[in-house]
Amino acid sequence: MVSLQEIYIMYAPLQRFTKIALLNLLIVSFIGVILRYKIAFSLPFIDQKHLLHGHSHFAFAGWVTHALMVLLVAYLVEQKDQSIYKRYRWVIIANLIAAYGMLVSFSLQGYGLFSIFFSNISIAVSYVFAFMFWKDLNTLSIKTVGHWWIKAALLFNVLSSLGAFSLAFMMVTKNLHQNWYLASVYFFLHFQYNGWFLFACLGLATDKFFSSVSTVILKRIFWLFALACVPAYILSALWLPIPLWVYIVVVFAAFSQLAGWVLFIQQLRKQLPDIRPTINKTVQWLLFLSSIALSIKLFLQLASTIPSLSTLAFGFRPIVIGYLHLILLGVITLFLLGFLLAEKHILQNLTTTRGIKVFIAGIIINEILLMVQGIAAMTYTPVPLINELLLLTACILFAGIIFLNISQQKTAK
C-alpha cells in the first residue's frame, strides 16, 4: 500500500499549486465579505460593480479553473510520469497571472484596457491548455469514457470565450444592447458552469469511481448530458422571443440531463460498497452534498422551462444569485474540495475537518437566506436584517476557508 509520504512526494510540485488554489479561494471569500459589507453598510471608496466583476472573474480563473488544471495534470502524472508536470507548469502559472491581473484590473476599472487584456490572456491560456491536454489524453494507452467528459469540458471552455469576446466588444465600442448584453453574459456563464466546470468534475468522478461500470451505460450517461448542453443555454435566455420548436428542444434538453443524472446516481449507488472503503467520511460528505446540490440544480433547471416561472426567477436578483452560488459553491466547490482530499492533494487533520464543516454550514445558511430573500422579494415583503445576516454568513464562509488554509500549513510542518 502506498504511504501518505510517498503520495506527498509524488505530487509535491502540484500540491504547492493546491495551496495556491486554497489561498485563491480565501481571497474570493474575503471579497465576498467586502461585497456583503458594502450592501449592509457604507463603504464609499469601493465601487461595488467593479469589485463584483473582479470577484467573479477571479473565482472562475483563480479558484475553479486553477483547481481543475491541478487535478487534470495530476491525473496525467498518475497515468504517465512526473515529467508531464514540467510541461504544464508554465500554463498553470500563466493562468494564475491572468487571474490576478483580472482581479486587480476589474476591481479598479471595471471593463477597460487592462481588464480586457488580462481576460484575453486567460482565454488564450485556456486554448493552449485545451490543445495540450487533448493531445496528451490521446497518447494514453487506456482510453476511458472519463476522457470523453474531459474533452467535452475543454471544448465548452473554449466555446464560452465567444460570450466573453462579444461582451468585451460591446464594452469597448459602447454599443450596449440590453438583450445582447445579457445573452453574452449568460452564454459565458452557461458554458463555464454547465460545460467546463461540470463536465470536468464528472469526468474525474467517472474515471475514479466508475471503473467497473459497463462502458455502454457510461457512454449513455455522457451523451444524455453532452447533447443537451448546447441547447440548454436557451434556458438562460427564455426571456428572448424564440420559436416553438426551439422551446421544445430546450425542454427535451432539460429532461435529458436530469435523466442522465438519475442514471449516474443509480450506478453510483451500485458502486458505493466499493467506493466507501477508499475515501474517508469527510470526503463522502463533501461528495454527497455536492450530489444533492446538483440534483436541486437540475430540478430547478427543468422547472425553469415553464415560462412564467422562468420570468419570475430571472426578475429577482436574490434568486439568480442563489442559483449561481448553488452551482459554484454547492456543486463545484464542494466537489473540488472532496476530490482534492480524496486524491491527497489536501492532506487532512483536525483543523481541515473543522474548516470544511464551518464552510459547509456557511453554504447551507447562505442558500437558505437567499431563498428567503428571493421569495420575500416576489411579494415585495422586506426581510428584517437580511443584509446583515448575509454578511455574517459570508464571514462564516471566510472563516471556514481560513481554517482550511491554516490546516495545510500545519500539515507541511
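The values are calculated or read from the model by the stated rules, or taken from the named source; none is laboratory data. What you see is a predicted model, and the numbers here were worked out from it, not measured in a lab. Note that each Cβ is placed from the backbone with ideal geometry, even for glycine, and that neighbours are counted across all protein chains shown.
Could you count how many residues in segment 149-176 are within 19 Å of the chain's Cα centre (by Cα) and either under 24 Å from Ser214 (Cα atoms) or not in a helix (DSSP H, G or I) (or both)? Spell out the reasoning first.
Step one: list which residues in segment 149-176 are within 19 Å of the chain's Cα centre (by Cα), which gives 149-164.
In the following step, the residues that additionally are either under 24 Å from Ser214 (Cα atoms) or not in a helix (DSSP H, G or I) (or both) were identified as 149-153.
Residues meeting the conditions: 5.
Going by the structure shown, is Ala259 in contact with a helix residue (DSSP H, G or I) (Cβ under 9 Å, 6 or more places away or on another chain), surrounded by 19 or more Cβ atoms within 10 Å (Cβ to Cβ) and aliphatic (A, V, I, L, M)?
On the way: in contact with a helix residue (DSSP H, G or I) (Cβ under 9 Å, 6 or more places away or on another chain): yes; surrounded by 19 or more Cβ atoms within 10 Å (Cβ to Cβ): no; aliphatic (A, V, I, L, M): yes.
Taking the combined requirement at face value, the residue does not satisfy it.
Name the single residue that is nearest to Ala153 (Cα to Cα) among those in segment 37-80 being basic (Lys, Arg) and in contact with a helix residue (DSSP H, G or I) (Cβ under 9 Å, 6 or more places away or on another chain). Before the answer, list the steps.
Filtering segment 37-80 down to residues basic (Lys, Arg) leaves 38, 49, 80.
Add one more test, that the residue is in contact with a helix residue (DSSP H, G or I) (Cβ under 9 Å, 6 or more places away or on another chain), and what stays is 38, 80.
On the way: Lys38: 36, Lys80: 21 Å.
Step by step, filter segment 37-80, then rank; the result is Lys80.
Run Asn138 past the list (1) touching a residue at least 12 places away in the same chain (Cβ under 8 Å); (2) closer than 30 Å to Phe210 by Cβ and report the number of the one that doesn't hold.
(1)
Can you tell me which residue in segment 339-378 is farthest from Leu328 (Cα to Cα), limited to those that are in a helix (DSSP H, G or I) and among the polar types (S, T, N, Q)?
Thr351
Of the residues Asn194, Asn179, Asn138, Asn120, only one is surrounded by 17 or more Cβ atoms within 10 Å (Cβ to Cβ) and in a helix (DSSP H, G or I); which?
Details: Asn179 fails: surrounded by 17 or more Cβ atoms within 10 Å (Cβ to Cβ); Asn138 fails: surrounded by 17 or more Cβ atoms within 10 Å (Cβ to Cβ); Asn120 fails: surrounded by 17 or more Cβ atoms within 10 Å (Cβ to Cβ).
The unique qualifying residue is Asn194.
Of (1) modelled with pLDDT under 95; (2) among the hydrophobic types (A, V, I, L, M, F, W, C); (3) in a helix (DSSP H, G or I), Phe45 satisfies all except one. Which?
If we test Phe45 against (1) modelled with pLDDT under 95; (2) among the hydrophobic types (A, V, I, L, M, F, W, C); (3) in a helix (DSSP H, G or I), just (3) comes out false.
So which residues in segment 383-401 are in contact with a helix residue (DSSP H, G or I) (Cβ under 7 Å, 6 or more places away or on another chain) and either assigned to a loop (DSSP other than H, G, I, E, B) or closer than 16 Å to Leu329 by Cβ (or both)?
Here is the first cut: in segment 383-401, the residues in contact with a helix residue (DSSP H, G or I) (Cβ under 7 Å, 6 or more places away or on another chain) are 383, 386-391, 393-401.
If the condition is that a residue be in contact with a helix residue (DSSP H, G or I) (Cβ under 7 Å, 6 or more places away or on another chain) and either assigned to a loop (DSSP other than H, G, I, E, B) or closer than 16 Å to Leu329 by Cβ (or both), then Val383, Leu390, Thr393, Ala394, Cys395, Ile396, Leu397, Phe398, Ala399, Gly400, Ile401 are the ones that fit.
Matching residues to (1) in a helix (DSSP H, G or I); (2) among the small types (Gly, Ala, Ser); (3) surrounded by fewer than 21 Cβ atoms within 10 Å (Cβ to Cβ):
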| site | (1), (2), (3) |
| --- | --- |
| Lys208 | yes, no, yes |
| Phe225 | yes, no, no |
| Pro241 | no, no, yes |
| Asp274 | yes, no, yes |
| Leu286 | yes, no, no |
| Ser291 | yes, yes, yes |
| Ser295 | yes, yes, yes |
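Would you mind finding the one in Tyr380, Tyr323 that is of a type in the set (Phe, Trp, Tyr), touching a Lys or Arg at 6+ places or on another chain (Cβ under 8 Å) and at pLDDT below 90?
Values: Tyr380 fails: touching a Lys or Arg at 6+ places or on another chain (Cβ under 8 Å).
Sole residue among the options that is of a type in the set (Phe, Trp, Tyr), touching a Lys or Arg at 6+ places or on another chain (Cβ under 8 Å) and at pLDDT below 90: Tyr323.
Look through segment 91-110, keep the residues that are closer than 18 Å to Leu35 by Cβ, surrounded by fewer than 20 Cβ atoms within 10 Å (Cβ to Cβ) and not aliphatic (A, V, I, L, M), and return whichever of them is nearest to the chain's Cα centre (by Cα).
Selected residue: Gly110.
Results for (1) under 22 Å from His57 (Cα atoms); (2) buried (at least 19 other Cβ atoms within 10 Å of the Cβ); (3) modelled with pLDDT under 95; (4) touching a strand residue (DSSP E or B) at 6+ places or on another chain (Cβ under 7 Å), shown as yes or no for each residue.
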| position | (1), (2), (3), (4) |
| --- | --- |
| Ile319 | yes, yes, yes, no |
| Phe335 | yes, yes, no, no |
| Phe359 | yes, yes, no, no |
| Leu370 | yes, yes, yes, no |
| Ser407 | no, yes, yes, no |
| Lys410 | no, no, yes, no |
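Assess whether Ile319 counts as being β-branched (Val, Ile, Thr) and part of a helix (DSSP H, G or I). I'd like the intermediate steps shown before the answer.
On the way: β-branched (Val, Ile, Thr): yes; part of a helix (DSSP H, G or I): yes.
So Ile319 passes the test.
For segment 138-174, which residues satisfy the criterion of being hydrophobic (A, V, I, L, M, F, W, C), under 27 Å from Gln109 (Cβ atoms) and at pLDDT below 90?
Answer for segment 138-174, where residues must be hydrophobic (A, V, I, L, M, F, W, C), under 27 Å from Gln109 (Cβ atoms) and at pLDDT below 90: Ala164, Phe165, Leu167, Ala168, Phe169, Met170, Met171, Val172.
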